[in-house]
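Enquirer: One structure, pasted below without further comment.
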Amino acid sequence: MKAGSNLEKVLTSGHFAITGELGPPRGANADVVRKKAEFLRDKVDSINITDNQTSVVRMSSIAVSRIVIEMGLEPNAQMTCRDRNRIAIQSDLLGASALGIKNVLCLSGDHNKFGDHPQCKNVFDLDSMQLIMTLKHMRDEGKVLGGQELDGVPKFFIGAAANPFGDPFDFRVTRLAKKVEAGVDFVQTQCIYNMDKFRTFMKQAVDQGLTEKFHMLAGITPLKSLGMARYMAKFVPGLEVPDYYLKRLQGVEKKKQADEGIKIAVEQIQEMKETPGVAGVHLMAIEWEHRSPEIIEAAGLLPRPKLD
Amino acid sequence: MRLNYPPNVRIVAVPCTGRVDMIHLLRAIEQGADGVYVAGCMEGECHFVSGNLKARRRVEAVKKLLREIGIEPERVEMFNVSASDGPRFAAVAREMTERVRGLGPSPLAKDHPLDLHLQAVG
Amino acid sequence: MVIAERKPIEEILAMVADFKKVLLVGCKGCVTVCCAGGTKEVGILGSALRIARKKAGNPLALVEHTLERQCDPEYIEQLAPMLENGEFDAVLSMACSVGPQFIAKRYLKQVFPALNTTFIGGSLEHGVWAEFCQSCGNCIIHNFGGLCPISRCSKSLMNGPCGGSSGGKCEVSNEIDCVWQLIYDRMTALGQVDRMRKIFPIKDWSTSRDGGPRKITREDLKL
Ligand code: SF4
Ligand code: SF4
């Protein structure tokens, strides 16, 4: 065991994993966190806590992770390179470990231009690849990047993101291979709708023997409505929502679109279970945490394994 | 041919309106002209291919600048007049004179508030 | 070269609002080439300022003068006859921001920048300039097919492209080419795409501004 997190145990014991996601509130109200997290109790193996997602100021991912731990749940703290240099990153990682955080997801971060403070100075001292290397260096060498020994080594199960649909498509598996080489233990993907393209991507990864070196969790975001599906297809770079899903949503009356979206998500999860190389799914139900349980239930992923 | 155009228009001849620069137009305004316009060849008929098109872009840039400093951009204009078209030349001079008369004297022309100063370039 | 852009006239007018006699100094270096602060732009700005002030009933005595360069004290010295006799009460510099600082260092006068010094770049076509370097102090572009990811990737990624690269464009804006797509295309064309498998290590930023203000001393050139 590298970190001994629940997620690591589930994945290494060969169970099909499911992770959830929680967006911290825009404010200091911890009860919002508790309420959202409660929906995911016993439903997921670990909960991603986003780090000022889309560059909007929110409660710190590490603080929220701690609140989640105090509830007896397991967080996966996201960390971006946008807002911290290597001093702050390493310092936050030591603090995170001391607070009991065992999973960390390494991201470059959305550009600050999209957020609520486009006037800010961004950092990008490291990129996501180098952030993975930093975590691995601290964990496996017991040192900071500067070379000094650590008194108390942080043990992390190291995660990263991948977008199989970004351009250039031919380079995406190579970039994944670089993350594996950098030391990643698990990868969660951007939400997937184009299953054919994803299978092509996974086949390349499997053929190159990559999936033996890390655990791949496929990203699933239920479509709440036809409007959302169209929006995602149009405005999220590299994200393709195939026509057959749009047609299915179009085919039902507006009130039933959410249910249809959930049905699609459930089918996708079932397909993922059959896709070679996929070790689990990452369910990103954005501001829809309360509907996650029914999706997970319908996909036949309950009860979750309890491992020691 | 005798052209009947308003006497307040002073003509500055240039070989091609492509030679007209922003600073020429600005200097005219600065020195108290109530308006200044460029009379270039018809579009597509420039002897130097695109002199008149460049002049138009510069006139637009001067208008933008004038707007920024609170001078009516209408005091500056670009016209296309065929070299042989005397009557149209006179009509443009009258049109610009009317326009500038409507705007009133330039705020910079305090010394001669009633005279109308127009400069045609081209 | 240094690419700069004139500040809005309104801002410049506000800067010199309390002054009556201003020397407007242009520069024949980079800012002439990028059409921001050469003789021509000095003429245009000077004229515009005089017009605006005259209209406001508060005429400005503004004299225009363009130096060979403003990033060399030798040329700054040429302003001495104009600035040492009380003829002007302020200086407005149309050079990159080195100019106003050099003038201020040499003369005890109020100095204002008329330009925003924007980036190190080149011209893509007439009237269009783009950024190509962030002066990180340790050039690494040969690792990326000769393209700079520090200045040209919105996130300065050294192991891109990020997941937002789409159709050759950056996630930040359709106006920005994703430099990592360009790097990939160039490496492919050069038959070196395999080199992109290698992780580019963590960069030492101490040669950049992060190491504090920088200075170069060339002993061989010192007098
Ligand atoms: S690598 Fe550094 S020095 Fe080279 S072009 Fe980029 S920013 Fe400039
Ligand atoms: S889309 Fe390309 S240029 Fe933009 S941040 Fe990502 S890698 Fe950099």
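The values are calculated or read from the model by the stated rules, or taken from the named source; none is laboratory data. Computed from a prediction, not measured in an experiment: that's the story for all the values here. Don't worry about glycine lacking a Cβ; one is built from the backbone with ideal geometry, like all the others, and counts go over all protein chains shown. Heavy atoms of the whole protein, side chains included, go into the accessibility calculation; ligands, DNA and RNA do not. Shrake-Rupley method; radii C 1.70, N 1.55, O 1.52, S 1.80 Å.
Enquirer: Taking A:F124 as meeting all but one of (1) under 22 Å from A:A162 (Cβ atoms); (2) more than 16 Å from ligand 1 (Cβ to nearest atom), write down the number of the exception.
Expert: Of everything listed in (1) under 22 Å from A:A162 (Cβ atoms); (2) more than 16 Å from ligand 1 (Cβ to nearest atom), A:F124 misses just condition (2).
Enquirer: Then there is this: Given the residues A:A229, A:A218, A:A182, which is the only one that is within 12 Å of chain C (Cβ to nearest Cβ) and open to solvent by less than 20 Å² (accessible area, probe 1.4 Å)? Break it down stepwise before answering.
Expert: On the way: A:A229 fails: within 12 Å of chain C (Cβ to nearest Cβ); A:A218 fails: within 12 Å of chain C (Cβ to nearest Cβ).
Result: A:A182 is the single residue among A:A229, A:A218, A:A182 that is within 12 Å of chain C (Cβ to nearest Cβ) and open to solvent by less than 20 Å² (accessible area, probe 1.4 Å).
Enquirer: When you scan the stretch B:24-43, do you find a residue that is away from chain C (no Cβ under 14 Å) and among the β-branched types (V, I, T), even just one?
Expert: For the stretch B:24-43, residues away from chain C (no Cβ under 14 Å) and among the β-branched types (V, I, T): present.
Enquirer: Please find, within the stretch C:156-196, the residue that is farthest from A:F171 (Cα to Cα) out of those that are within 14 Å of ligand 1 (Cβ to nearest atom) and within 7 Å of another protein chain (Cβ to nearest Cβ).
Expert: Once the filter is applied, the top-ranked residue is C:S156.
Enquirer: Can you name the residue in the stretch C:130-142 that is more than 17 Å from C:C178 (Cα to Cα) and more than 14 Å from chain A (Cβ to nearest Cβ) and is also farthest from ligand 1 (Cβ to nearest atom) among such residues?
Expert: My answer is C:H142.
Enquirer: How many residues does the stretch C:155-172 contain that are touching a Phe, Trp or Tyr at 6+ places or on another chain (Cβ under 9 Å) and either surrounded by fewer than 23 Cβ atoms within 10 Å (Cβ to Cβ) or within 18 Å of A:M129 (Cα to Cα) (or both)?
Expert: So in the stretch C:155-172, the residues touching a Phe, Trp or Tyr at 6+ places or on another chain (Cβ under 9 Å) come out as C:155-163, C:165-166, C:170-172.
Then drop every residue that is not either surrounded by fewer than 23 Cβ atoms within 10 Å (Cβ to Cβ) or within 18 Å of A:M129 (Cα to Cα) (or both), which leaves C:155-163, C:165-166, C:172.
Result for the stretch C:155-172: 12.
Enquirer: Please verify whether C:I150 is within 30 Å of C:L45 (Cβ to Cβ) and either open to solvent by 50 Å² or more (accessible area, probe 1.4 Å) or outside any loop (DSSP other than H, G, I, E, B) (or both), treating the condition exactly as stated. Break it down into steps so the answer makes sense when it comes.
Expert: Numbers: within 30 Å of C:L45 (Cβ to Cβ): no; either open to solvent by 50 Å² or more (accessible area, probe 1.4 Å) or outside any loop (DSSP other than H, G, I, E, B) (or both): yes.
Considered against the rule, which asks whether it is within 30 Å of C:L45 (Cβ to Cβ) and either open to solvent by 50 Å² or more (accessible area, probe 1.4 Å) or outside any loop (DSSP other than H, G, I, E, B) (or both), C:I150 comes out as no.
Enquirer: While we're here: Inside the stretch A:237-278, can you point out the residues that are farther than 30 Å from A:H111 by Cβ, outside any helix (DSSP H, G or I) and of a type outside the set (S, T, Y)?
Expert: A:G251, A:V252, A:E253, A:P276, A:G277
Enquirer: Okay, moving on. Could you grab me the full set of residues in the stretch C:33-51 that are open to solvent by 10 Å² or more (accessible area, probe 1.4 Å), more than 17 Å from C:V91 (Cβ to Cβ) and facing chain B (nearest Cβ under 9 Å)?
Expert: C:K40, C:I44
Enquirer: While we're looking at this one, here's another question. Among the residues of the stretch C:87-105, is there at least one that is at positive phi and surrounded by 15 or more Cβ atoms within 10 Å (Cβ to Cβ)?
Expert: no
Enquirer: Is there a residue in the stretch C:199-213 that is closer than 18 Å to A:A161 by Cβ and more than 14 Å from ligand 2 (Cβ to nearest atom)?
Expert: yes
To keep it simple, each residue is scored yes or no on (1) in contact with a strand residue (DSSP E or B) (Cβ under 6 Å, 6 or more places away or on another chain); (2) of a type outside the set (K, R).
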| residue | (1), (2) |
| --- | --- |
| B:T17 | yes, yes |
| B:L26 | no, yes |
| B:Y37 | yes, yes |
| B:M42 | yes, yes |
| B:K54 | no, no |
| B:R67 | no, no |
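Enquirer: Another question about this same structure. Just give me the residues in the stretch C:148-172 being more than 8 Å from ligand 2 (Cβ to nearest atom) and either at pLDDT below 95 or farther than 21 Å from A:C81 by Cβ (or both), in sequence order.
Expert: Correct list: C:G167, C:G168.
Enquirer: Can you find even one residue in the stretch A:8-18 that is over 24 Å from A:Q270 (Cα atoms), buried (at least 16 other Cβ atoms within 10 Å of the Cβ) and in contact (Cβ under 8 Å) with a residue 40 or more places away in the chain?
Expert: no
Enquirer: Report every pair of residues separated by at least 6 positions or lying on different chains whose Cβ atoms are under 6 Å apart, first residue within the stretch B:80-106 and over 22 Å from B:G18 (Cβ atoms), second small (G, A, S).
Expert: From residues that are over 22 Å from B:G18 (Cβ atoms), the pairs are B:V100/B:G35.
Enquirer: Shifting gears a bit: State the number of residues belonging to the stretch B:59-99 that are under 18 Å from C:I44 (Cβ atoms) and open to solvent by less than 60 Å² (accessible area, probe 1.4 Å).
Expert: Matching residues across the stretch B:59-99 total 13.
Enquirer: Within the stretch C:110-147, restricting attention to residues that are in contact (Cβ under 8 Å) with a residue 12 or more places away in the chain and assigned to a helix (DSSP H, G or I), which residue is farthest from ligand 2 (Cβ to nearest atom)?
Expert: C:N143
Enquirer: Please verify whether the stretch C:196-208 includes one or more residues that are in contact (Cβ under 8 Å) with a residue 60 or more places away in the chain, open to solvent by less than 70 Å² (accessible area, probe 1.4 Å) and charged (D, E, K, R).
Expert: Within the stretch C:196-208 (the criterion being in contact (Cβ under 8 Å) with a residue 60 or more places away in the chain, open to solvent by less than 70 Å² (accessible area, probe 1.4 Å) and charged (D, E, K, R)), the answer is yes, since at least one residue qualifies.
Enquirer: May I ask you to say which residue of A:P164, A:P168 is within 14 Å of chain C (Cβ to nearest Cβ) and closer than 20 Å to A:H282 by Cβ?
Expert: Matching residue, one of A:P164, A:P168: A:P164.
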